[in-house]
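Since the structure comes first, as structure tokens, the remarks are kept for the end.
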Amino acid sequence: MFVALPTRSRPGLRWATPLLFALLWLAYLWASTLPDATQRHLVLEWGALTGGPPLSADTWRGLWADGRGLRLLTALFLHADWAHLLGNLAFLLIFGLPAERVMGPWRFLLLFLAGGASANLAAVLAIGAPDRLIIGASGAISAVIGAYLALFPRARLGVVLPLGLFLEFVRAPASLLIGIWVLLQVVFAYVGPAFGAVAWAAHVAGFVFGVLFALVVRAAIARRLRKRRGY
């Protein structure tokens, strides 16, 4: 697992990451209290729904029919089980808090929502089978990880490695660890069916979106940091 290491700079006010953490958690808790039939109906109504062969005209037209475009966002707050949710929450805290510190809460919130919706759109277009549901915030978390790498290319992360009967804490470049994670996503995107119904394309697309987003807003982030430091 990854462990975030503190930096020397003073953190600013960060509310977007805790807000998203709370919304994801509360949405799952609320859904888990519903009867099974109601839960299935909720997923069917608000999960991102594929519409046919990838990149076809029918897919594009069907994407915006019956509010399907909104589903790209609402699907972010639906999760299949506890493991699905907790994995996303852990990565949100590890990479989201430092990214929000330099980006600012509103820009980070835009990254999460736009990155997640774009990742779901990529998965909808990449999946050839019609009427497949995509749920979870994994695409948005991937966007956060991509932005983190672009913002902190020389950062180091603490890694807890199981070595025999003991856990060893080591520091490793974030670029190396995230690079391994990206490679796994690309590999799984092609052999995903063997590992379960996971929209690996959303992970890859979200990561690319996050990198590009951070690069585009890099100048605005620099101005924000200079203003905050009184330069």
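The values are calculated or read from the model by the stated rules, or taken from the named source; none is laboratory data. Predicted model, so just to flag it, every value in this text is computed and none were measured. Because the Cβ atoms are built from the backbone with ideal geometry, glycine has one as well, and the counts that use them run over all protein chains shown.
Just a yes or no: is a residue in the stretch 29-51 out of contact with any strand residue (DSSP E or B) (no Cβ under 8 Å at 6 or more places or on another chain), within 27 Å of Leu110 (Cβ to Cβ) and modelled with pLDDT under 55? Explain how you work it out, then say what you get.
As a first pass, look at the stretch 29-51 and keep what is out of contact with any strand residue (DSSP E or B) (no Cβ under 8 Å at 6 or more places or on another chain): 29-42, 45-46, 51.
This time we only want the ones that are within 27 Å of Leu110 (Cβ to Cβ), so: 29-31, 42, 45-46, 51.
Narrowing the set further to residues that are modelled with pLDDT under 55 leaves none.
Looking through the stretch 29-51, none of the residues is out of contact with any strand residue (DSSP E or B) (no Cβ under 8 Å at 6 or more places or on another chain), within 27 Å of Leu110 (Cβ to Cβ) and modelled with pLDDT under 55.
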Given the conditions (1) within 29 Å of Arg226 (Cβ to Cβ); (2) aromatic (Phe, Trp, Tyr); (3) modelled with pLDDT under 85, which single one is not true for Trp64?
(1)
Between residues in the stretch 34-63 that are at positive phi and residues that are buried (at least 16 other Cβ atoms within 10 Å of the Cβ) and at pLDDT 70 or above, which pairs lie under 6 Å by C-beta distance while being six or more apart or on different chains?
Leu55/Leu125
Six or more apart or on different chains, Cβ under 6 Å: which pairs go from a residue in the stretch 68-90 that's under 17 Å from Leu20 (Cα atoms) and surrounded by 15 or more Cβ atoms within 10 Å (Cβ to Cβ) to one that's of a type in the set (Asp, Glu) and at pLDDT 90 or above? Could you list them?
none
Quick one: count up the residues across the stretch 101-117 that are aliphatic (A, V, I, L, M), closer than 13 Å to Ala75 by Cα and surrounded by 23 or more Cβ atoms within 10 Å (Cβ to Cβ).
1
Does any residue in the stretch 220-231 that is over 12 Å from Met103 (Cα atoms) come within less than 6 Å, Cβ to Cβ, of a residue that is at pLDDT 70 or above and part of a helix (DSSP H, G or I) six or more places away or on a different chain, and which pairs are these?
none
